[in-house]
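Everything on this sheet refers to the single structure shown next.
Read the figures in this text as sums done on the coordinates, not as results from a lab. Just so you know, these numbers come straight off a predicted model, no measurement behind them. FYI the Cβ positions are ideal-geometry reconstructions off the backbone, even for glycines, and counts take in every protein chain you see.
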Amino acid sequence: MSQPAVAKPPGKSWREINQERKALKRQRNEEKIIKREKRVALEKETEIKIKEEVEKEKKNSEISTISIAVPGSILENAQSAELRTYLAGQIARAACVFCVDEVIVYDDIGDKLDTKKSKLDDADGVKVARRSCVQLARILQYLECPQYLRKHFFPLHKDLEFAGLLNPLDAPHHLRSSNSFKFREGITMNKKVKPGRGSQVNVGLLQDVSADKLLNPGIRVTVRMLPTPEGSKKLKGKIVSLTTPRAETGVYWGYTVRIANSLSQVFTQSPYKDGYDLTIGTSDRGTSIDDLPNKEVSYNHALIVFGGLHGIEAALESDEQLQVNEASLLFNHYINVLPNQGSRTIRTEEAILVALTGLRPKLKANNEPMVFNETGIATSSTFPEARPEFSDNSGGETNLDLSRFD
């Protein structure tokens, strides 16, 4: 017996088919609108982030700074190569102790004397200057650079022959591998990376950091260390400007070095947009530093100029660009940092310490960096304020934990 034929379900009408098509079209349009809104929202969010970063960088650049200008000819007055190197080390130590942001090495003799020239890489590119100026600038750069980066930036050179005699700066940005801080100095490495990835940066740790930007190898950069996700062993970081660490944490992040071929270039080649708004000259012919009122000499970018063996007056005479008869007219304040001095002369490296100590209570920063109150770096080696309690044992034992001195 044959089975009866199964009846087919009735077909959809054109009206139902059109309704389904319209519903699908409406759904696709809604999906397109949602995608477009998400894209616009993402673009706005990215634009806002970029604006915030620009404003933050602008705010960081407005932090008040202190610059010092030192003549390179002071090295020529030293009796040996070892003493020249040690003299430069004293200036670097003074700049670091007083948190100086910029050190300018200027030529106070000029081309009146036929002297040898040398080359140095500074912030403005390759600079040709007097040999003593270049040597002083090179040693200052060497000491400011973290130890794990020096082999990359400072090959063997005669100017650094006795650099091993110098006292280390021990600056906060000279981080050890055991220090855990949110910023580190590094160098971009010459390693292949996948498309879309940033450069590999050596920051003094056991492994390199993957940065957010692809840069040419051999560039010194400041890296913000990003938190490592769980289960990941790769270190990631973001390249920021040199002023960011101090602006965000208040920690001193070293100084920059600039060479000026004359006294006038100290003022005209300022790296700051509006130049130096406070200029101070130091000389035994100036007015007493005691006449300056406390915390009333305000500044945004201050410049303190020191003279050489014959003072700032000799640098003014050798500069053909400056049409001024008296050196005091170049500065807002022309001061004697140590009135009634016991010695006939104060050496430049001594004058820097004396001047920065005397001016510290006089100057008032318009936008002073915050006080560093975080952890992750070795800030000081001072003992705790609490006195150790001695036990009554006859052996003289104390409750002071000495394990941290091991």
Fill in the blank from the handout: Between the Cα axis of helix 131-144 and the main Cα principal axis of the chain, the angle (0 to 90°, nearest 10) is 50
Exercise for the section: Among S283, S199, S80, determine the one that fluctuates most according to a GNM of the chain built with springs between C-alpha atoms less than 10 Å apart. Expected result: S80
Handout entry: Interchain or long-range residues, amide H under 5 Å from Y334's placed H
Key = G281, T287
Fill in the blank from the handout: Computed, not fitted: 222 nm per-residue ellipticity of the chain from DSSP H runs ≥ 4 (each -39500 (n - 2.57)), nearest 500, equal to -9000 deg cm²/dmol
Handout entry: Listed candidates [x] 20.3, 71; [y] 21.2, 82; [z] 31.2, 135 - label of the one calculated as Rg and Dmax of the Cα atoms in Å
Key = [z]
Exercise for the section: For R360 and K194, compute 0.36 nm times the residue count separating them, minus their Cα-Cα distance, and round to one decimal in nm. Expected result: 54.7 nm
Practice task
Determine ³J(HN,Hα), in whole Hz, for all residues of the range 214-230 in sequence, where each value follows from phi through the Karplus function 6.51 cos²θ - 1.76 cosθ + 1.60 and θ = phi - 60°; x replaces Gly and Pro.
Solution key: 9, 10, 5, x, x, 9, 7, 9, 9, 10, 8, 6, 8, x, 7, x, 5
Practice task
Set the Förster distance to 60 Å, then compute FRET efficiency between E82 and K49 from the Cβ-Cβ distance, nearest 0.05.
Solution key: 0.70
Exercise for the section: Treat each spin label as a single point 7 Å out from the Cα along the C-beta direction, and report the Y272 to I33 distance in nm. Expected result: 5.5
